[in-house]
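The values are calculated or read from the model by the stated rules, or taken from the named source; none is laboratory data. Given the structure is predicted, the values throughout are model-derived calculations rather than measurements. A quick note on method: Cβ atoms are made from the backbone with ideal geometry, for glycine too, and the neighbour counts reach across all protein chains shown.
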Amino acid sequence: MGRNRFLLITTTLLVVLLLLMMVLLEGDHYMPLSLLILFVIMFPFFARFERKELDSRGIVLIAILAAIAAVSRIPFAVIPSVQPTSFVIIMTAIVFGAETGFLVGAIAALVSNIFLGHGPWTPWQMFSWGMMGLSAGLLKDWLWAKRKLLLLPFGFIWGFLFGWIMNLWYIVGFGENITIGILLAGMASSFYFDLAHAISNLFFLYVFSTRWKTILERFKVKYGLLVTKSVS
């Protein structure tokens, strides 16, 4: 838990650093710089996963959950920003923890874009959904307290956070002389799409979260899934 919090704090600082460099520096280096920072952020999670002792059932579970999150996005592709992918990632993190939530989120973005199209936005989607899972896992005890009192606002807020993070790839890819005003204008222009994402998160969490949590916890307890030890 302590390492995950450290990674979350480090990630936040790196994103703030990226924003400051985008505003203060000049030139056409925004996209390479942002991709480098995203790689630095995500690498420790995949490296830690490689160092864990997982049985085949745990690995298969992560693959299945990532596949469900990815495939569930495809039928909703015709409705911008409306999809159950975020719901699956949040529920995975609440039951199986922050690291699993991050991995499922990142892999879901990578796999779903095989069908929907890869591009410079893919690493940003991997990061955004990964951080959604990481934060849900770190706050899982709070989010499920008092009959989901905090879970629904969490999903709603992340609908906007996801959109704001995704705005950055477009701005750093196509913007010139980036300023705070341009960043704020990008956030304002995506309000409809971010609101749609937030409301869809609210809907799926309200309707399906209790049943999903029960099912996933049964698998976790019955098969002892994702109870791991780090390799020394």
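Residue-by-condition table, conditions (1) under 23 Å from Lys148 (Cα atoms); (2) surrounded by fewer than 17 Cβ atoms within 10 Å (Cβ to Cβ); (3) out of contact with any Gly (no Cβ under 8 Å at 6 or more places or on another chain):
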| position | (1), (2), (3) |
| --- | --- |
| Ser56 | no, yes, yes |
| Ala66 | no, no, yes |
| Val82 | yes, no, yes |
| Thr92 | yes, no, no |
Worksheet item: When both residues are 6+ apart or on different chains and their Cβ atoms are under 6 Å apart, which pairs have a first residue that lies in the stretch 196-212 and is closer than 16 Å to Leu149 by Cβ, and a second that is polar (S, T, N, Q) and surrounded by 15 or more Cβ atoms within 10 Å (Cβ to Cβ)?
Response: Asn201/Ser86
Discussion item. It is to be established whether one or more residues within the stretch 149-167 are under 25 Å from Ile79 (Cβ atoms), modelled with pLDDT under 90, in a helix (DSSP H, G or I) and among the aliphatic types (A, V, I, L, M).
Written reply: yes
Response to the item:
Taking the stretch 128-150 and keeping residues farther than 20 Å from Asn167 by Cα and free of Cβ contacts under 8 Å to residues at least 60 places away in the same chain leaves Ala136, Leu139, Lys140, Asp141, Trp142, Leu143, Ala145, Lys146, Arg147, Leu149, Leu150
Worksheet, complete the sentence: Checked the stretch 188-227 for anything of a type outside the set (Ser, Thr, Tyr), modelled with pLDDT under 80 and outside any loop (DSSP other than H, G, I, E, B); matches are Lys222
